[in-house]
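First comes the structure, then the notes that go with it.
Every read-out reported here was derived from the displayed coordinates using simple, explicitly stated rules and does not represent laboratory data. No experiment lies behind these values; they were computed from the predicted model shown. Heads up, the Cβs are rebuilt from the backbone with ideal geometry, glycines too, and the neighbour counts pull from every protein chain shown.
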Amino acid sequence: MALETEVKIRISQEDLDPIRTRLTELGARCLSPRKKEENRLFDFPDGNLVTCGCAVRLRIYGDTTTLTFKGELKDDPRFKKREELESNVQDAKTLTKVLEGLGMSICFEYSKFREIFRLSLDQRQVHICLDETPVGTFAELEGSPADIESLAAKLGWTPDLFIKKNYVEMYLEGKAGERRQESEDRSQEEKDSSNLELET
């Protein structure tokens, strides 16, 4: 399996045009303009894949559908590294039925808008994705660690800005934070109401 090495950097919506301009100045080529991307993650009823840190993903991006298996994360303090197998498929509906026939079902799904660039560095390639997601706007850099750091520096980003989490983790953390805040707000309202009753 190929080893995927990547990081994400949180950016703002207003950063997108300047980043596109800078990538063009550096010689990057736009492989795909902004398109909607749908992602469906599959797992077994017992959550075995999530438990062992793996993932099976069906992705629909424009007219292209891909099936991806992601292995366990490698231990690295700065970069997200994991083995990855990916193949294009013709029919998302049929493949979904195949996965369901194997005992799997969709455990999480989300969509985002993505555009893809590629930059050649000394006969090596770095892929850059600009992602607009439900949890924010990000630039994703994929390549060798040295090339990722080199390109990040050219774009004005330092390693302390690197994010290893995936979008699913960010989404779930955000929802958990919302639930905590709602619980705290309810507790405060109940406390205020109790104090008001005592005063009256």
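Gly53 falls short on exactly one of the conditions (1) surrounded by 12 or more Cβ atoms within 10 Å (Cβ to Cβ); (2) not in a helix (DSSP H, G or I), and that condition is (1). Checked against (1) part of a helix (DSSP H, G or I); (2) surrounded by 18 or more Cβ atoms within 10 Å (Cβ to Cβ); (3) of a type outside the set (Asp, Glu), Ala153 passes all but condition (2). State all residues of the stretch 127-149 that are farther than 16 Å from Ile11 by Cα and touching a Leu at 6+ places or on another chain (Cβ under 7 Å); if no residue qualifies, say none. The answer is Asp147, Ile148.
Looking across the stretch 21-32, the residues that are over 16 Å from Thr137 (Cβ atoms) and in contact (Cβ under 8 Å) with a residue 60 or more places away in the chain come down to Leu26, Gly27, Ala28, Arg29, Cys30, Leu31, Ser32.
Quick check: anything in the stretch 29-37 outside any helix (DSSP H, G or I), hydrophobic (A, V, I, L, M, F, W, C), closer than 28 Å to Arg124 by Cβ and in contact with a His (Cβ under 9 Å, 6 or more places away or on another chain)? Yes, the stretch 29-37 has at least one match. Go through the residues of the stretch 74-81 one by one and say whether even a single one is more than 27 Å from Leu172 (Cβ to Cβ), within 20 Å of the chain's Cα centre (by Cα) and touching a residue at least 12 places away in the same chain (Cβ under 8 Å). Checked against the condition, which is being more than 27 Å from Leu172 (Cβ to Cβ), within 20 Å of the chain's Cα centre (by Cα) and touching a residue at least 12 places away in the same chain (Cβ under 8 Å), the stretch 74-81 yields no hits at all. The set of residues from the stretch 126-150 being part of a strand (DSSP E or B) and either surrounded by fewer than 14 Cβ atoms within 10 Å (Cβ to Cβ) or among the β-branched types (Val, Ile, Thr) (or both) comprises Val126, Ile128, Thr133, Thr137.
The residue pairs whose first member lies in the stretch 129-156 and is under 23 Å from Glu169 (Cβ atoms), whose second member is assigned to a loop (DSSP other than H, G, I, E, B) and of a type in the set (S, T, N, Q), and whose beta carbons are closer than 8 Å, counting only pairs six or more residues apart or on different chains, are Thr137/Ser12; Ala152/Thr158.
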